[in-house]
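Engineer: The structure follows.
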Amino acid sequence: MRPMNFLGGLAGFQLYIGPDNSNNGEEKAPQKVASYHDPPPGVDYADNPSVFGRILRGELASADYAETPTLLAFRDRTPRASLHALIIPKAYVRDVYSLGPGDVGLVEDMRAMALDVIREHHEEALETGDYTLCFHVPPYNSVDHLHMHVLAPRSEMNFVFRDIKYRCPTRWCTLETDVIRRLKDGLPAVPYNKSSWF
């Protein structure tokens, strides 16, 4: 048995589980490369203190799936599904609490990129809806830079990840469609108080 950080972030604790079977039949991940990613106009990566800022600056390697002038998609360093990508904005956005109604387009673009990645790497999962697109909600996030998790096929994930860590909607995890709907309605991205745990 191996220890595993259960929720990540400040609320993480260790849970002992058996072998992680979430990568059986794992798709071919892109090769990890450290390369500078051109920022959008007006964006200075020096303002990004997160590990994702280091990836964008080319200081750390990443296995990239897709890139646009404003977004980057790369493989999670500890994948919990055959396809486990992260979609990040190149501009520094701390977390879902930082989103406002003016960010609907950003989240929609992140969703579109996520669906493109699934289409390219697990088309059957896209066709059958066997995937999850979600954000972890602070304090249950592990990196203070907005990132959408792209997980497919969901049905093949270890139950701890499928039914607990990436279960939506919960206090720790929210669907991208819920974030988009709330922002379009002029509401905060998530219905939780940032200072509360529940």
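The values are calculated or read from the model by the stated rules, or taken from the named source; none is laboratory data. Nothing here was measured: the structure is a model prediction, and the numbers come from that model. Backbone-built Cβ (ideal geometry, glycine too); neighbour counts: all protein chains shown. Heavy atoms of the whole protein, side chains included, go into the accessibility calculation; ligands, DNA and RNA do not. Shrake-Rupley method; radii C 1.70, N 1.55, O 1.52, S 1.80 Å.
Engineer: Of all residues in the stretch 162-198, which are without any contact (Cβ under 8 Å) to a residue 40 or more places away in the chain and touching an Asp or Glu at 6+ places or on another chain (Cβ under 8 Å)?
Structural biologist: Those that are without any contact (Cβ under 8 Å) to a residue 40 or more places away in the chain and touching an Asp or Glu at 6+ places or on another chain (Cβ under 8 Å): 168, 169.
Engineer: Mind checking which residues of the stretch 141-161 are open to solvent by 50 Å² or more (accessible area, probe 1.4 Å) and in contact (Cβ under 8 Å) with a residue 12 or more places away in the chain?
Structural biologist: Within the stretch 141-161, 142, 144, 154, 155, 156 meet the criteria.
Engineer: Let me ask something additional. Pick from 125, 46: which is assigned to a helix (DSSP H, G or I) and more than 23 Å from residue 153 (Cβ to Cβ)?
Structural biologist: Checking each option against the conditions leaves just 46.
Engineer: Here's a check for you: in the stretch 129-140, which residue that is in contact with a strand residue (DSSP E or B) (Cβ under 8 Å, 6 or more places away or on another chain) and assigned to a loop (DSSP other than H, G, I, E, B) is most open to solvent (accessible area, probe 1.4 Å)?
Structural biologist: 131
Rundown of residues vs (1) open to solvent by less than 20 Å² (accessible area, probe 1.4 Å); (2) in a helix (DSSP H, G or I); (3) at pLDDT 95 or above, yes/no style:
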residue	(1), (2), (3)
91	no, no, yes
168	no, no, yes
182	no, yes, yes
197	no, no, no
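Engineer: Has the stretch 114-125 got any residue that is open to solvent by 60 Å² or more (accessible area, probe 1.4 Å), over 14 Å from the mean Cα position of the chain (by Cα) and in contact (Cβ under 8 Å) with a residue 40 or more places away in the chain?
Structural biologist: Looking for residues that are open to solvent by 60 Å² or more (accessible area, probe 1.4 Å), over 14 Å from the mean Cα position of the chain (by Cα) and in contact (Cβ under 8 Å) with a residue 40 or more places away in the chain, one finds at least one in the stretch 114-125, hence yes.
Engineer: For the stretch 49-89, how many residues meet the condition of being outside any strand (DSSP E or B), closer than 17 Å to residue 39 by Cβ and in contact (Cβ under 8 Å) with a residue 12 or more places away in the chain?
Structural biologist: Result for the stretch 49-89: 14.
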